[in-house]
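**Student:** There's a structure below that I have some questions on.
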């Protein structure tokens, strides 16, 4: 099973890279862009085939390492293939 | 007094702090590899500056989970003094020994220059050689030094006199805060003031040949407190 973990900054945390991306998009002529936030995508291959167990395991990985919950949120997507 | 410097893969200020501390102590400083799980008795543990693990995932994230850190956390809980400089500060935050986080500099640039910091609490084992409010000129060199804490944590730090140093200006200094840190914070203590993390590099201003010696007071404070 594959898991995708999306890590993004919490509201209120300044994201200078997102700001720079937004500014550059405006400079390129793209209109109507509000706030831009940059995050991370982490893909994991798991031996576990049970979705509930896999989700629990990835949650633990997020809490222990993949995200810093002081500043970041995470969302887990599981792919049964 | 015994002092130990933890060496992570990618630490690059470990030798600098070793030499600066040895000069203040007048004795040797032990270097401890991050892969070790045990450490000899010590009075001070230093997490040095650098780019451990190439700053992968988040600055300090990998190092904070390295084998020796279990022992560092245990010693810190026993009250052993722990000093984290720059990347060491990032590691202390990732390890949960200090609250908050360090984000990419607000200006997005790597900042490498001398800055001014004000001593906000001189009643600690890290700062007793300084005067309250004394302004120090010390180098910073970082890309991710923007201190962030949620409002409750920040209020706790302020109320508990746990802000060690704040960036401050002097004549001719237009941007006193080099990285956008909340409340101009350059360094903080834990609640018992036995753990200090700071972005500026005291070991780079500890010898007349460095061009300044304002950082030496921090090391000398520790030597007088722990000897």
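**Student:** Of the conditions (1) under 20 Å from residue B:89 (Cα atoms); (2) in a loop (DSSP other than H, G, I, E, B), residue B:15 fails just one. Which one is it?
**Tutor:** The number of the failed condition is (2).
**Student:** Further question on the same structure: Anything in the range B:56-94 that is within 13 Å of another protein chain (Cβ to nearest Cβ) and in contact with a strand residue (DSSP E or B) (Cβ under 9 Å, 6 or more places away or on another chain)? List them, or say none.
**Tutor:** Answer for the range B:56-94, where residues must be within 13 Å of another protein chain (Cβ to nearest Cβ) and in contact with a strand residue (DSSP E or B) (Cβ under 9 Å, 6 or more places away or on another chain): B:57, B:58, B:59, B:60, B:63, B:66, B:69, B:90, B:91, B:92, B:93, B:94.
**Student:** Could you name every one of the strands (runs of 3 or more DSSP E) located completely within chain A that has at least 2 residues being in contact with a strand residue (DSSP E or B) (Cβ under 6 Å, 6 or more places away or on another chain) and away from chain B (no Cβ under 14 Å)? Spell out how you get there, then give the answer.
**Tutor:** On the way: elements: A:2-9, A:40-45, A:72-79.
Result: A:2-9, A:72-79.
**Student:** Tell me the residue from B:196, B:219, B:157 that is in a helix (DSSP H, G or I), crowded, with 21+ Cβ neighbours inside 10 Å and in contact with a strand residue (DSSP E or B) (Cβ under 7 Å, 6 or more places away or on another chain), please. Let's see the steps before the verdict.
**Tutor:** Details: B:196 fails: in a helix (DSSP H, G or I); B:219 fails: in contact with a strand residue (DSSP E or B) (Cβ under 7 Å, 6 or more places away or on another chain).
Criteria check complete, one pass: B:157.
**Student:** In the range B:25-37, how many residues are surrounded by 21 or more Cβ atoms within 10 Å (Cβ to Cβ) and out of contact with any strand residue (DSSP E or B) (no Cβ under 9 Å at 6 or more places or on another chain)?
**Tutor:** 0
**Student:** Looking only at the range B:90-120, which residues are more than 15 Å from residue B:181 (Cα to Cα) and surrounded by fewer than 20 Cβ atoms within 10 Å (Cβ to Cβ)? Step through it out loud before you land on a result.
**Tutor:** So in the range B:90-120, the residues more than 15 Å from residue B:181 (Cα to Cα) come out as B:91-92, B:94-98, B:112-114, B:119-120.
B:96, B:112, B:113, B:114 - these are the residues of the range B:90-120 that are more than 15 Å from residue B:181 (Cα to Cα) and surrounded by fewer than 20 Cβ atoms within 10 Å (Cβ to Cβ).
Rundown of residues vs (1) out of contact with any helix residue (DSSP H, G or I) (no Cβ under 6 Å at 6 or more places or on another chain); (2) not in a loop (DSSP other than H, G, I, E, B), yes/no style:
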{"site": "B:96", "(1), (2)": "yes, no"}
{"site": "B:109", "(1), (2)": "yes, no"}
{"site": "B:139", "(1), (2)": "no, yes"}
{"site": "B:153", "(1), (2)": "yes, yes"}
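**Student:** Another question, if that's okay. Being without any contact (Cβ under 8 Å) to a residue 60 or more places away in the chain and in contact with a helix residue (DSSP H, G or I) (Cβ under 6 Å, 6 or more places away or on another chain) narrows it down to one residue among A:13, A:36, A:58, A:5; which is it?
**Tutor:** A:36
**Student:** Scan B:45, B:68 and give me the residue that is part of a strand (DSSP E or B) and touching a residue at least 24 places away in the same chain (Cβ under 8 Å). Please lay out each step first, then the result.
**Tutor:** Numbers: B:68 fails: part of a strand (DSSP E or B).
Testing whether each residue is part of a strand (DSSP E or B) and touching a residue at least 24 places away in the same chain (Cβ under 8 Å) leaves just B:45.
Taken together, the values in this text are just the output of simple stated rules run on the coordinates, not laboratory data. All values derive from a computational prediction rather than experimental measurement. Reconstructed Cβ throughout: ideal geometry from the backbone, glycine too, with neighbour counts over all protein chains shown.
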